[in-house]
Each structure stands twice: as structure tokens, then as C-alpha cells.
1. With 236, 203 as the choices, which residue is closer than 17 Å to residue 16 by Cα, buried (at least 21 other Cβ atoms within 10 Å of the Cβ) and not assigned by TED's automatic domain parsing to the domain that holds residue 364?
2. Test each condition in (1) free of Cβ contacts under 8 Å to residues at least 24 places away in the same chain; (2) over 23 Å from the mean Cα position of the chain (by Cα); (3) surrounded by fewer than 21 Cβ atoms within 10 Å (Cβ to Cβ) for residue 148 and report the one that comes out false.
3. Taking only the range 352-374 into account, find how many residues are more than 20 Å from residue 302 (Cβ to Cβ) and either out of contact with any helix residue (DSSP H, G or I) (no Cβ under 9 Å at 6 or more places or on another chain) or not in a helix (DSSP H, G or I) (or both).
4. Just give me the residues in the range 276-291 being closer than 14 Å to residue 248 by Cβ and in a loop (DSSP other than H, G, I, E, B), in sequence order.
5. Only one of 335, 329 is part of a loop (DSSP other than H, G, I, E, B), modelled with pLDDT of 95 or more and in the same structural domain as residue 275 (by TED's automatic domain parsing). Can you tell me which?
6. Here are some conditions: (1) more than 22 Å from residue 216 (Cβ to Cβ); (2) surrounded by fewer than 22 Cβ atoms within 10 Å (Cβ to Cβ). Residue 26 meets all but one. Which one does it not meet?
7. Only residues that are in contact with a helix residue (DSSP H, G or I) (Cβ under 6 Å, 6 or more places away or on another chain) and over 13 Å from residue 227 (Cα atoms): list them for the range 12-26, please.
8. Name every residue in the range 247-275 that is surrounded by 11 or more Cβ atoms within 10 Å (Cβ to Cβ) and assigned to a helix (DSSP H, G or I), in order of residue number.
């Protein structure tokens, strides 16, 4: 597969479809796939189309700008967004049929006013705080907020389609406490005459670990992209297929003697004569500079070869050693992908950086071309 770009994130559409289907089969309910942050770095339009093809009931973003970008990209399916600034243009959202997550009374009134100006009801879901202490309406706000929404629904200005919250993933006891508060909120909402179509608390982790928290809808992010939300379980163990393969190519090969220093500061010195391959990816492309000397590796000609020397803004170096005679300019290099295919899993970078796989894929830079692919390198359907 050639695109003309030296930096490619190949996105497997069959993998995303498989992962969403896997979640649907696991939960038996509706699935909302989160495509915020440019589809977790995979490309929002690419991810949304594949998720919907895999059976997602709707897709979701954090903010309105991301949701409107999906509309501009041709996504006509239901889109939910829930993180709003005080100057959010809800009239534009209503006109584009974007579903709004409402977290407080001021937002509700602003949405209703926008619906009145637009001459059509606004679709919305309640975003509640059940213990994460982050975005969402606090328990003391629920009664007046729900009562006002019921009035506005009867007036034909809003349609309350759902209610949701977000778990803190702070252990089973805390999850159950949050679920209990969420149940109270759902009952309070129903007591006003509103019957939510979508009730969702579980995100990726609880979708796989806590069937009792599935309700009738789950809202997943990272698992849709084939990545595990758990430190002790791999994608394959969850029946998921990583969708992103981060690729580059060799643009220079250089034989060096023993004792040759490599890249800035010579923090790597070759112990023996070897061959170094130059790869045009760097920290501007989301390759953490702190991987220097950390033990990270790439796949070249089907073999694992170490990254050596300091990573630059645009390039890094691989010691290709005994592979030298088999390599040529333009040969592919895989930075991470599906470990079932022998590629480095993204979790290697995450572990070395003491972070999570989410941060690595979201951090893949804008110079990297996202290329949708109908190929499926790993297992699955």
C-alpha cells in the first residue's frame, strides 16, 4: 500500500467493525461509539463510518465543533456531544440535528431558546455527575433540572432522549456506589414523566468487566479501536483487534564502525560495526522523545529491531544490524500495530512512558496520513 506519504497510520475498517460488533454481542444493547479527539487519533470520519457499519446506534464527541465537523464530513447518523463552553452555538447544533448532553440548568435554557429560534425541538441527553466530580449535573441539581426539562418537553422545545454518567474506574465498590446514585437519578427523571430511550453508565472498562452496569446502552471509546482498557488484559484476550498500524519507511541506510555515536548527544554508541536505518518519524508525529534509550523497537522485514539514539522532531534511527543486506530504501517500518501480526503493541510505548495506550494513539500527529484500509491483519471477522 503506497500513498506517497512517509508517515501513515493505516486504519483497519474491518477491525473497527469487528470491535463494535463484539461489544454489541457482549452487551445485547445499543452501542454509542466515541469518536472525540479525531477518533482517538484514528480519524473521526473514518472511525465513525466504520463504527456505524459495525452496528453502533450513534457516535459521540466531546464538543460541538467535533460534532459539526462530522456533519460536514457527511456523517448523517445520530451524534451526541456533551462538553460545552458558555458561548456554545446551540442553534447551530439544533439545525444540524446534533444531540446535546446537558449538564446544568443554564445549558438547558440555552438549548431550549435555540430550539425556539430554530423552530424545531432539540434532542438532548442528561449528563450527570454520580461521583467522578467532573462534568455533569450534581445530585442537588437533578430535581429542578428534570422538572424544567419535563416542562420544556411538553412545550415541544426539547426531547430528552437519554441519561448518562461516567464511572471513575476506582474499584468495584465505588462503581456500585455510582450505579446506585445513577439509579436514583433515572427514577427521579421517570417520575417527571420523561422516559429516556438510552440509559448508559458503562464506558469501555465496565463494558467488559461489569455486565450489571450495561443498562440498555453502553458508551465505548478505546475498545472500538481494538485497545484494551485494562493493564492486565490484552486486546486479543478481550476478543478485540487493534485498528491502527503506524507505519513509515527507510529513507537512508548507513554502515558505521564500532564506536560510532548515534544522533544528538551520542547517548548511544555502537558496540560493533553495524548498519543504521533512518526513519522519517519523530516527536512532531507523536513519537515520544523520552523513548530515547528506553528499549523500544520496531518491526523491519518481519523482525524486531531496536530504536537507537535520540529521537528527533522528524526522524529516528534503527539499528538494523544483520538485516542490512536484505533491506533497501523505501522498505516499510512498523512502529506499532497488532501484536498478533508480530508488530510492537502500542502498549510498549505506553508502558515505557508510564502512561496509557489512549494517550499514545491520540497523540499521533497531524503530519501522519490516516489511511482507511479494508485489510484485516489480525484474526476476527
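1. 203
2. (1)
3. Qualifying residue count, the range 352-374: 15.
4. Of everything in the range 276-291, those that are closer than 14 Å to residue 248 by Cβ and in a loop (DSSP other than H, G, I, E, B) turn out to be 280, 281, 282, 286, 287.
5. Testing whether each residue is part of a loop (DSSP other than H, G, I, E, B), modelled with pLDDT of 95 or more and in the same structural domain as residue 275 (by TED's automatic domain parsing) leaves just 329.
6. That leaves (1) as the condition not met.
7. Matches in the range 12-26: 13, 17.
8. Within the range 247-275, 264, 266 meet the criteria.
The values are calculated or read from the model by the stated rules, or taken from the named source; none is laboratory data. In this text, all values refer to a predicted model and were calculated from it rather than measured experimentally. Cβ: placed from backbone, ideal geometry, glycine included. Neighbour counts: every protein chain shown.
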